[in-house]
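Here's the structure, in structure tokens; my notes come after.
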Amino acid sequence: QRILEGVGVGREGATVLSAMLNFLVRDGCGMAASLLFTASVASRFQSDVKRWRLFADIMVDIGITLEVAASQVPRNLFLPMICVGNVCKAMCGVAAGSVSGAINLYWAAEGSDISDISAKFGSQQTVTAALGLVFAAMFARSTSTANPKQVWFLYSSLTALHLFANMRCMRIIAFNSFNQERLQLIFEEFLDQYAKRSIENSGLSTPRDVASRESLLFLPRIRHRLGSKVQFGVPFNTLMNEGPDAGGEELEKKLAQPYWVSTAARDGLFVSNRPVVYVAVKASATPRQQIQAYFDALWVSATAQSQTQKDDDQKVISLDRRAAWEEFVTQAEQSGWILDQTNIKTRGYEVVVEQISSSS
């Protein structure tokens, strides 16, 4: 209703051509945004399903708010506002559609059929849209004559309810595979208990416990143990440039490993205020080996941080990383974590090592 008012419905002098051009520009911006957004972040959806799903909900609410408010701003700002609003809704469509499959697979893993879950999910959206149409028809006349402050208060309340409900839904979903956020949470908990030799008594958090604590927004999380930034899935030449020179047998041993970890004092071309841990993995590395690679990177980060601490964190330096990894695997599997699949966010590079035989 607000958009129709903005394009000139009911206003003297408004033409069909101007309204059509407004809609063409708005829809064109949405299509372009969908393509650009997909090209930019398509590879990141799987590693942060919950956060991208909530991101989609926030974007659609922002888009609707801009479209509703567009009719109440000066006329020269109407078209830019509805274009930005449609861009936000397009980003919502890409993000929500990309992660819905992973969410449906989670519910199917609980014992249901994936096709049944998908069909019910589509039916739920249809019922929700139908109820929205019914309520829109019921309140269309009253909202046009009501006090604008009351309308905005009702809209804000419903928007807050929408976000709260989706946050509660994301808390219910407890993925039992590691991504970057969940692995860092479990690693910090494991390191604290392992340094104090108390892990056998307390154990690690289960996927259900972590689901209530993991972040649902793309906000930085303060970590007191991890003093380095981890770059996972970097090109192999990045490690060769940043790490010590290796040749002969040493290089051959390195190439036989499924992954490589190296530290540097800069992030790309910029000097970082904290060390950077680079991780390169082979294309043939299994999910368990990828988790181990990230575990080693976090261990190196925690070790670098413990060198500047004067408390119990100094115990980390003297601990055996290989023994700690074996203990981590045992405790994680006992707590219900699956290490045969992973969704760790990567830079997108994989290493392929080929042996070239020299001909005489």
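Taken together, the values in this text are just the output of simple stated rules run on the coordinates, not laboratory data. Keep in mind it's a predicted model, so treat the numbers as computed, not measured. When we count neighbours, we look across all protein chains shown, and the Cβ atoms used for this are built from the backbone with ideal geometry, even at glycine.
Remarks
- Ranked packing of 291-297, 281-287, 56-62, most packed first, by mean Cβ within 10 Å: 291-297, 56-62, 281-287
- Estimated FRET transfer efficiency when R0 is 30 angstrom, pair ALA283-LEU35 (beta carbons, to 0.05): 0.60
- SER156-LYS229 pseudo-label distance in nm [points 7 Å out on the Cα-to-Cβ vector]: 3.7
- Cα-derived Rg to Rh of segment 43-201, Kirkwood definition: 1.10
- Close amide H partners of GLN231, meaning residues 5 or more places away or on another chain with modelled amide H under 5 Å apart, are VAL277, TYR278, VAL279.
- Shape parameters for segment 122-203, alpha-carbon atoms, Rg then Dmax in Å: 22.9, 68
- Packing, taken as the mean count of other beta carbons within 10 Å per residue, orders the peptides 20-31, 114-125 from highest to lowest as 20-31, 114-125.
- Between amide H atoms placed 1.01 Å from N, distances below 5 Å from LYS345 occur with GLN180, all of them 5 or more places distant or on a separate chain.
- Here the label points at GLN124 and ASN76, each 7 Å from Cα along the C-beta direction, are separated by 4.6 nm in the simple model.
- Chain lengthening between LEU24 and GLN46 when straightened (0.36 nm per residue, less Cα-Cα): 4.7 nm
- Ordering of 254-260, 348-354, 327-333 by packing [mean C-beta count within 10 Å, highest first]: 327-333, 254-260, 348-354
- Taken along the Cα-to-beta-carbon direction at a fixed 7 Å, the label points for ALA174 and GLN334 span 1.8 nm.
- Linear extension gain, ARG321 paired with GLN355, 0.36 nm per residue minus alpha-carbon span: 9.2 nm
- Straight-distance crosslink candidates among lysines, where the alpha carbon sits under 20 Å from LYS196 and sequence neighbours closer than 8 are dropped: LYS310, LYS315
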